Every structure is written in structure tokens, then in C-alpha cells.
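What follows is a short report on a single structure.
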């Protein structure tokens, strides 16, 4: 194991055998369109008002705070399903704890006082919380790409449909200066970190994400990305159920059909470890980092598992007057940058873009 935290932005490509299209993104918000795919519909009754709106130039947290201030409620009384990029054209839903207000009046007031477009407002029983979504749809224009960008992007898209897309955490996960993982490691090893509880948890999660990226990079480099191994903890893509792979040859056809995927470690003291060779790799990553399970327990990191491969069957490519238009959807917690870097063959820095 010779990969360190300094290497987290230098990850392997799964389509490294194909030339990229180069180019640039996000010259304007209309070139980076994001739309939430909801987990459920608003029922029409309940104490919360769900407001589905389109905005540009707002970080999600900034808009949450403005909505709370507008209606005189606590910031914590405004919920959302996921954090979205400030420099994008974003459509997402917020919930506001307003048990007596008329939903139509709420919509009209927001439209009148904030620079957003309100699509609809309806009541629902519960507050929206992080993760209450299926994923996001993206329409992204890559500007000024290589002259053969259309052919190159179609070749890369075909390869991704066949091979799958590595579910790396995007560079934006690690903060504006890219050092949140280093801060998280220091906090974990010393037991000390940022005094603010939310910031302490943020840097610890960044370090967990960096360790996952290191694990996935190692799996790719060992040639294990396109196959299941005995001992893998596999996840069913329809139900989310997980099980340990006993006979890889038996399960491989299901993996190739996209019915199951291998998962990787979000390290924590309650995490389910893989067995066999996959489990040995997981422990090797943690040992190389100098982290022990008691440290994870001390930091209250319970851990979980994350899909290592994404399926991008709906990826489409179109010519655009200024370049190439990519359209695709990703499940929650995944990053558009993982696909963009495969297409462009360059590291992407989207500033404050967040996970889906």
C-alpha cells in the first residue's frame, strides 16, 4: 500500500485507455443543471410545507437560512434532502415547519421576496432530511472540448455502460483547500480537532471519504473493479439488502447484469467487514493509515458501507453549439465529478458542489 492522503486527487480512471475530451465546465449556471429525484411525493396534508423551487447563485445552506428568516422560524425548521452546488441551475425541495400557514401564501411570499422560481408548494407530514431523495438528474455542457469530442465522449460513454463508474467521492468533499481529510486524520489520531461540533464531524467524514477513495483506487489497481470476489459484501441494487459473497462465480452473472454490486468501507467501529481478500485489503488500508478500531469508537464513528460501482445506463451525449451536452442521473451520495473526470480526463474542481 503506497497511496497517501496527498494522492486523493490523483485517482485512477476506469476508462484510462480512452482519450478524454478536455474542455471546461460551469461558465454559467445554465450549463450545469441539477434536478432532484424525490424519494416520495408530498401528500397534501401535514404540518410542513414542501416548496419545490429553482434557483441559481445560492448555496443550499444560505437559502435554508433565508427561508427561515423570511418566515421567522428556526434554521433547523427548514429541511432539505441534499446539498447542491451554488454555481448551478438547481431544482430542489425544501420543507418549512409552518403548521398554520396556507401553502399557496407561502409560495407567493417566497416568489415575491427571494430571487427564485417556485414550482409548487404542498403540505406533508414530516420534515425533509438529508438522504430523502433517490438521486439527481444532471444536464452538463462541456465547453470548448477537443475537436473530436463527440466521438470520444460516445466511446467513453459506451465503456462506462459496460464497465460501470467508480463511485469515488469528489474533490469538493474535501473542502475548498482540499485539506479537510488531513484535518480529520489529525483529529482522529490525537482525539482533538475543531471545537465546533459540526466542523469536527465534517473533517472526520472527509477523512472517512478519503479512506474509501484509497480503498477503491487500490481495488481498481489490483484489477478487481469488474468482478466480484469471495468475501465481498455485496449490495442488492433494488432493495439495498447486503450479504457476503460465498461463491463469486455463482454471483458474477448477477453483478454483470447490475443486480448486485460490491461495497467498500466507510470505516467505523460498527462497520461490517468484508471477508477473504477484500477484507484483507480493507484492513491493509486502515493499518497503513495508522488508525485502529478503538480510535474509531473514541471518535463515535459507527461506519457503514458504500457501493463501489455506479451504473450509468441512462448516460446520453449530444452535440451542443458550444461543445458537448452530457445527460445522466446518479444515486444520492454520488458525485457528477466522478463522471466528468472520466470524460474530460482531468481533475475537476467545482468549488462548493456537494453530493447528490
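Please specify each residue of the range 229-251 satisfying the condition of being over 30 Å from residue 297 (Cα atoms) and more than 20 Å from the chain's Cα centre (by Cα).
Here is the first cut: in the range 229-251, the ones over 30 Å from residue 297 (Cα atoms) are 238, 247-251.
Listed by number, the residues that qualify are 247, 248, 249, 250, 251.
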**Request:** Tell me, please, whether a residue that is touching a strand residue (DSSP E or B) at 6+ places or on another chain (Cβ under 6 Å) and either assigned to a loop (DSSP other than H, G, I, E, B) or under 23 Å from residue 135 (Cα atoms) (or both) can be found in the range 219-227.
**Result:** no
**Prompt:** Of all residues in the range 14-60, how many are over 23 Å from residue 108 (Cα atoms) and touching a helix residue (DSSP H, G or I) at 6+ places or on another chain (Cβ under 7 Å)?
**Reply:** 9
**Entirely in the range 69-175, the strands (runs of 3 or more DSSP E) that have 3 or more residues that are modelled with pLDDT of 95 or more and under 21 Å from the mean Cα position of the chain (by Cα)** = 89-97, 133-143
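For the range 306-326, state whether one or more residues are over 27 Å from residue 150 (Cα atoms) and not in a loop (DSSP other than H, G, I, E, B). Write out each step before concluding.
Taking the range 306-326 as the starting set, the residues that turn out to be over 27 Å from residue 150 (Cα atoms) are 306-308.
Then drop every residue that is not not in a loop (DSSP other than H, G, I, E, B), which leaves 306-307.
Yes, there is a match, as at least one residue in the range 306-326 is over 27 Å from residue 150 (Cα atoms) and not in a loop (DSSP other than H, G, I, E, B).
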**Asked** From 132, 89, 124, which residue is farther than 30 Å from residue 307 by Cα and buried (at least 18 other Cβ atoms within 10 Å of the Cβ)?
**Response** 124
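Could you count how many residues in the range 237-251 are surrounded by 13 or more Cβ atoms within 10 Å (Cβ to Cβ), outside any strand (DSSP E or B) and without any contact (Cβ under 8 Å) to a residue 60 or more places away in the chain? Let's see the steps before the verdict.
At the first step, the residues of the range 237-251 found to be surrounded by 13 or more Cβ atoms within 10 Å (Cβ to Cβ) are 237, 242, 244-245, 248, 251.
In the following step, the residues that additionally are outside any strand (DSSP E or B) were identified as 237, 245, 248, 251.
From what is left, the residues that are without any contact (Cβ under 8 Å) to a residue 60 or more places away in the chain are 245, 248, 251.
Of the residues in that region, 3 qualify.
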**Prompt:** Looking at (1) part of a helix (DSSP H, G or I); (2) within 24 Å of residue 218 (Cβ to Cβ); (3) in contact (Cβ under 8 Å) with a residue 12 or more places away in the chain, can you tell me which one residue 178 breaks?
**Reply:** (1)
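Out of 210, 234, 149, report the one residue that is surrounded by 15 or more Cβ atoms within 10 Å (Cβ to Cβ), touching a strand residue (DSSP E or B) at 6+ places or on another chain (Cβ under 7 Å) and over 26 Å from residue 316 (Cα atoms). Steps first, please.
Numbers: 210 fails: touching a strand residue (DSSP E or B) at 6+ places or on another chain (Cβ under 7 Å); 149 fails: over 26 Å from residue 316 (Cα atoms).
Within the list 210, 234, 149, the selection yields 234.
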**Prompt:** Considering the range 252-299 alone, what residues qualify as being within 24 Å of the chain's Cα centre (by Cα), more than 17 Å from residue 212 (Cβ to Cβ) and part of a loop (DSSP other than H, G, I, E, B)?
**Reply:** 257, 258, 259
**Item:** Tally, over the range 52-68, of residues that are within 23 Å of the chain's Cα centre (by Cα), outside any loop (DSSP other than H, G, I, E, B) and either touching a residue at least 40 places away in the same chain (Cβ under 8 Å) or at positive phi (or both)
**Value:** 6
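Across the range 179-201, what is the number of residues that are buried (at least 17 other Cβ atoms within 10 Å of the Cβ), farther than 18 Å from residue 289 by Cα and touching a helix residue (DSSP H, G or I) at 6+ places or on another chain (Cβ under 8 Å)?
Restricting attention to the range 179-201, the residues satisfying the condition of being buried (at least 17 other Cβ atoms within 10 Å of the Cβ) are 180-185, 187-188, 193, 200-201.
After this cut, where a residue has to be farther than 18 Å from residue 289 by Cα as well, the list is 200-201.
Filter once more, keeping what is touching a helix residue (DSSP H, G or I) at 6+ places or on another chain (Cβ under 8 Å): 200.
Adding up the residues that qualify gives 1.
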**Message:** Residue under question is residue 135, and the condition is that it be out of contact with any helix residue (DSSP H, G or I) (no Cβ under 6 Å at 6 or more places or on another chain), assigned by TED's automatic domain parsing to the domain that holds residue 222 and closer than 30 Å to residue 17 by Cα; does it hold?
**Reply:** no
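The values are calculated or read from the model by the stated rules, or taken from the named source; none is laboratory data. Since we're looking at a predicted model, the values are computed, not measured. When we count neighbours, we look across all protein chains shown, and the Cβ atoms used for this are built from the backbone with ideal geometry, even at glycine.
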